[in-house]
1. Out of PRO91, PRO119, PRO216, any idea which swings most in a Gaussian network model of the chain, alpha carbons joined below 10 Å?
2. For the chain, what is the calculated [θ] at 222 nm in deg cm²/dmol (nearest 500), taking -39500 (n - 2.57) for each run of four or more DSSP H residues and dividing by its residue count?
3. Mean-square fluctuation check for the chain, GNM, Cα pairs under 10 Å: which of LEU276, LEU158, LEU40 is largest?
4. Which whole-number percentage describes the relative contact order of the chain, with Cα contacts under 8 Å and a sequence gap of 6 or more?
5. As an exercise, find the ratio Rg/Rh for the chain from alpha-carbon atoms, using the Kirkwood inverse-distance average for Rh.
6. Who wins for biggest fluctuation among ALA239, ALA225, ALA22 in a Gaussian network model of the chain, springs between alpha carbons below 10 Å?
7. So which trypsin sites (Lys or Arg not before Pro) in the stretch 92-175 end up in coil per DSSP with only 15 or fewer other C-beta atoms within 10 Å?
8. How much length would be gained if the chain were fully extended between VAL43 and LYS165, taking 0.36 nm per residue of separation minus their Cα-Cα distance, in nm to one decimal?
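Each value in this text was obtained by applying a stated rule to the coordinates, not by laboratory testing. All figures in this text were calculated on a predicted structure; none of them were measured in a lab. Cβ coordinates were reconstructed from backbone atoms using ideal geometry, including for glycine residues, and neighbour counts include every protein chain displayed.
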Amino acid sequence: MVPPDPSSFEICSIGGNVATNAGGLCCVKYGITTDYVLGLEVVLSDGTAVRLGGPRLKDAAGLSLTKLFVGSEGTLGIITEVTLRLLPAQPPSSTLVATFASTRQATDAVLAITAALRPAMLEYMDRVSINAVEDMLHMGLDRDAAAMLLARSDSRHLAAELEMKSMVEACQAHGATEVLATDDPAEGEAFVVARRSAIPAVERRGTVLLEDVGVPLPKLPELVAGIEAIAAARAVTIALIAHVGDGNTHPLIVFDPADADAAARAQLAFGEVMDLAIRLDGTITGEHGVGRLKKAWLVD
Ligand SMILES: Cc1cc2nc3c(=O)[nH]c(=O)nc-3n(C[C@H](O)[C@H](O)[C@H](O)COP(=O)(O)OP(=O)(O)OC[C@H]3O[C@@H](n4cnc5c(N)ncnc54)[C@H](O)[C@@H]3O)c2cc1C
């Protein structure tokens, strides 16, 4: 089988990005789309074009209608123009990859890293997702690791060195079996491709119910352990990838749609993961929105 062309999942419109208030791998340091939207032109349902906000970094006049439209999924109007706050280009990133023999060690390392600094990326892959990616890309990932962390620093000069040193030490202090730090952009990018490939790689194993639950960072270890317990209790495969620096996880519940019992257990697990997140003061969706699938879990 030919691996999917990465460019096929790297394209979206700016209007769609703003309408979904999309996030991703770099939000831990840079925030989400709404943090960069200064102004909008929107066409309302009666055909009126209105301008909200504008090219001003600070603007305290009136209610923030711009924020209301960001993430409104086309329900309030069609976005026809966007004024964005731009950042200066960042220097090339340094990348850290660490593997752990237990998921608890990995999540504890995340808490230690985020207590000290904001990396440009802090991502998590569990054993199931590591193996799915390894099956697809054959890049020599550690198939026995319980979890892998992928972190990046794009700070300048000495600051980058200090951030990398601090993250390496945090991983080692929490029992990492291997820690690799590199400032080679190509080597670092290969690991980011591995992380970005996780969803298509896991989708090769069956139908996937994609979760999006998030919790306050201190509750991250409990969330990860709870998801493992749900997978074991329901005898379903759950691959866990996560924007761990944000406490936002994507449990991927894999099942065979031809097996009615497996499909039913997957649905139960899907609900139990959201129940767990709610119990931990979390959210049923950190990025993807509610939709029909999650409407029943939406609390006031
Ligand atoms: C609620 C939601 C949240 C998402 N969050 C993330 C995320 O955090 N990270 C991530 O990587 N992906 C996320 N996605 C996937 C998302 O589809 C893509 O990230 C992408 O940004 C959407 O762009 P698109 O051009 O493909 O939009 P489309 O898929 O074409 O549209 C997506 C939504 O935006 C509306 N829309 C599109 N263009 C406009 C416009 N000009 N004016 C008004 N409404 C418009 C559509 O009606 C639709 O509701 C999310 C999807 C949804 C539905």
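1. With Cα springs under 10 Å in the chain, the top fluctuation among PRO91, PRO119, PRO216 is at PRO91.
2. It lands at -11500 deg cm²/dmol.
3. Answer for the Gaussian network model of the chain: LEU158.
4. Details: 547 pairs, mean separation 53.6, N = 300.
Over the chain, the number comes to 18 percent.
5. That ratio is 0.98, to two decimals.
6. Answer for the Gaussian network model of the chain: ALA225.
7. Numbers: sites: ARG104, ARG127, ARG143, ARG152, ARG156, LYS165; in loops: ARG143, ARG156.
For trypsin sites (Lys or Arg not before Pro) across the stretch 92-175 that sit outside H, G, I, E and B with at most 15 neighbouring Cβ atoms in 10 Å, the list reads ARG143, ARG156.
8. 39.0 nm
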